[in-house]
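Asker: Once you've had a glance at the structure underneath, I'll fire off some questions.
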Amino acid sequence: MYDLVVVGAGPAGSTAARMAAGMGLKVMILEKEDFPRYKACGGALSERAACCLGLRLPEALCERSITGARIHFQNQVKEKIKGYRLTTLVTRSAFDHFLLQKAIEAGASITFSRVLSFSDKGDYVSVQTEDRIYKSRFLVIASGCQDALKDLISGKTSRDDIGICLVAEIEANDMDIEARLGRLLDIHFGIASGGYGWIFPHRGYYSVGIGGLASQLIHPRQVMSSFLENNGFGRHHIIHGHTIPLGGRKRRIARGRVLLAGDSAGLVDSFTGEGIYYALRSGEMAARVIGEEKEGDAAQLYERRCDRELGEELRYARILSRIMHNHPNAFSWALECHDEVIEKYIEIPAARRSYREFVRWLLPRMPFGLLSMR
Ligand SMILES: Cc1cc2nc3c(=O)[nH]c(=O)nc-3n(C[C@H](O)[C@H](O)[C@H](O)COP(=O)(O)OP(=O)(O)OC[C@H]3O[C@@H](n4cnc5c(N)ncnc54)[C@H](O)[C@@H]3O)c2cc1C
């Protein structure tokens, strides 16, 4: 009998496992892929995510420090650079492997096997993998957006709450990367419905991708091909596709002895697609609730804490996403006349401003009528 079984060794699962093992709990992680494994991701670890890691990232993992953004919309381009770090670029296979190693060092065990189903028996949870059954006091499902285990707790996610992302890692010389982007993230709005395209400067490669609403992005591969070509990368690259949940809508994320964390809980910023921060925070919160041994109300307590600490931010991100994507004039207005908008927005990933503060600052400044023009 384990205290905690965790499904998935992404940032949410490894963090939940590390924190719980650190509290002296007997923890088993069940992961379907052999590690290190590829993970489709831009690899932007925001400063707020890095700060809540509670670990020092080895230099070798930190490929580039980002201090600014270059934003494109229609024919406009704006650049904003801060005097401090906003984001660190990492390669997810290495980053996730590092977090898993830390969970193991803290005392968690790992078995590489796919979880097929689970059943809450009242005083324990039974977890069925490809080759055996595990029993545990609690189960954290952190198996990402595409795995169906979470549906037994939260129900099936509506297509309106899912984004589609395509990404390619394109090898390049570090000097060329430095000359092209240096310490900037390159973000292209207006090219994918309800989302954007990105070019992120890693070590030895660019992460180039597009993401948008699943309900509106009808031909994602075509959008990706055009994006690659228009930015001088040519069309022929290995392209990985993955879905992403869009946060900010209230949904069930825990029941009885089963808690959802990270993408499984739908905790992703609808505007930027940032999910690592929310995965780390929710993984940590799940472990704490379980460690506190308030067995009767762990699910309620977890839902309340996630809602209080993450829910509000995600709701404001969703509001911003709606405003900017449904009203292109708002975007043009922000880029043309209001330098301050980007200036202030990019303080959010650096944990220097909350979404709530930003949206409440922005809305009264937007010219009346802008939101009704399409
Ligand atoms: C293309 C793309 C780009 C992105 N870029 C960024 C970015 O730059 N910055 C950012 O902050 N966020 C980004 N995100 C979001 C971010 O990747 C996710 O929010 C984050 O990975 C969520 O972590 P997680 O631990 O919840 O899930 P995951 O990282 O998805 O990990 C889930 C793990 O569970 C395992 N698993 C799945 N099913 C099972 C099963 N049945 N049994 C056992 N194991 C299972 C998987 O193999 C995987 O290892 C991006 C997402 C995409 C798709």
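Asker: Restricting attention to the stretch 145-174, which residues are away from the ligand (no atom under 12 Å from the Cβ), in a strand (DSSP E or B) and in contact (Cβ under 8 Å) with a residue 60 or more places away in the chain?
Answerer: If the condition is that a residue be away from the ligand (no atom under 12 Å from the Cβ), in a strand (DSSP E or B) and in contact (Cβ under 8 Å) with a residue 60 or more places away in the chain, then Ile170 is the only one that fits.
Asker: Return the only residue of Glu105, Glu79, Glu130 being within 12 Å of the ligand (Cβ to nearest atom) and among the acidic types (Asp, Glu). Give the steps one after another, and end with the answer.
Answerer: On the way: Glu105 fails: within 12 Å of the ligand (Cβ to nearest atom); Glu79 fails: within 12 Å of the ligand (Cβ to nearest atom).
Only one candidate qualifies: Glu130.
Asker: Ala21: within 15 Å of the ligand (Cβ to nearest atom), modelled with pLDDT of 95 or more and crowded, with 16+ Cβ neighbours inside 10 Å, yes or no?
Answerer: no
Asker: Within the stretch 180-207, how many residues are free of Cβ contacts under 8 Å to residues at least 40 places away in the same chain and either in a strand (DSSP E or B) or closer than 13 Å to Gly232 by Cβ (or both)?
Answerer: 6
Asker: Looking at (1) within 22 Å of Cys165 (Cβ to Cβ); (2) among the hydrophobic types (A, V, I, L, M, F, W, C); (3) in contact with a Pro (Cβ under 8 Å, 6 or more places away or on another chain), which is the only condition Phe98 fails?
Answerer: (1)
Asker: Something else now. For residues that are touching a strand residue (DSSP E or B) at 6+ places or on another chain (Cβ under 8 Å) and aliphatic (A, V, I, L, M), scanning just the stretch 285-318, find the one that is surrounded by the most Cβ atoms within 10 Å (Cβ to Cβ).
Answerer: By that ranking, first place goes to Ala286.
Asker: In the stretch 2-84, which strands (runs of 3 or more DSSP E) lie fully inside it and hold 2 or more residues that are aliphatic (A, V, I, L, M) and on the phi > 0 side of the Ramachandran plot?
Answerer: It comes to none.
Asker: Being at pLDDT below 70 and in a helix (DSSP H, G or I) is the filter; apply it to the stretch 358-373 and report the residue that is surrounded by the fewest Cβ atoms within 10 Å (Cβ to Cβ).
Answerer: Ranking the qualifying residues of the stretch 358-373, first place goes to Ser372.
Asker: Would you point out which residue out of Ala298, Ala261 is within 13 Å of the ligand (Cβ to nearest atom) and under 30 Å from Ser119 (Cβ atoms)? Give the derivation first.
Answerer: Numbers: Ala298 fails: within 13 Å of the ligand (Cβ to nearest atom).
Result: Ala261 is the single residue among Ala298, Ala261 that is within 13 Å of the ligand (Cβ to nearest atom) and under 30 Å from Ser119 (Cβ atoms).
Asker: For the subset of the stretch 91-144 comprising residues that are outside any loop (DSSP other than H, G, I, E, B) and of a type in the set (D, E, K, R), which member is surrounded by the most Cβ atoms within 10 Å (Cβ to Cβ)? Give the derivation first.
Answerer: First pass over the stretch 91-144, keeping only residues outside any loop (DSSP other than H, G, I, E, B): 92-105, 109-112, 115-120, 125-129, 133-141.
Filter once more, so that each one left must be of a type in the set (D, E, K, R): 92, 96, 102, 105, 120, 135, 137.
Values: Arg92: 20, Asp96: 25, Lys102: 19, Glu105: 11, Asp120: 17, Lys135: 12, Arg137: 19.
Among residues in the stretch 91-144 that are outside any loop (DSSP other than H, G, I, E, B) and of a type in the set (D, E, K, R), the one surrounded by the most Cβ atoms within 10 Å (Cβ to Cβ) is Asp96.
Asker: For the structure I just gave you, tell me whether Trp333 is more than 16 Å from the ligand (Cβ to nearest atom), touching a residue at least 12 places away in the same chain (Cβ under 8 Å) and in contact with a Pro (Cβ under 9 Å, 6 or more places away or on another chain).
Answerer: It is true that Trp333 is more than 16 Å from the ligand (Cβ to nearest atom), touching a residue at least 12 places away in the same chain (Cβ under 8 Å) and in contact with a Pro (Cβ under 9 Å, 6 or more places away or on another chain).
Asker: When you check Glu79 against the structure, is it within 20 Å of the chain's Cα centre (by Cα) and not polar (S, T, N, Q), yes or no?
Answerer: Details: within 20 Å of the chain's Cα centre (by Cα): no; not polar (S, T, N, Q): yes.
For Glu79, the condition - within 20 Å of the chain's Cα centre (by Cα) and not polar (S, T, N, Q) - is not met.
The values are calculated or read from the model by the stated rules, or taken from the named source; none is laboratory data. Predicted model only: the values in this text are computed from it and were never measured. Cβ: placed from backbone, ideal geometry, glycine included. Neighbour counts: every protein chain shown.
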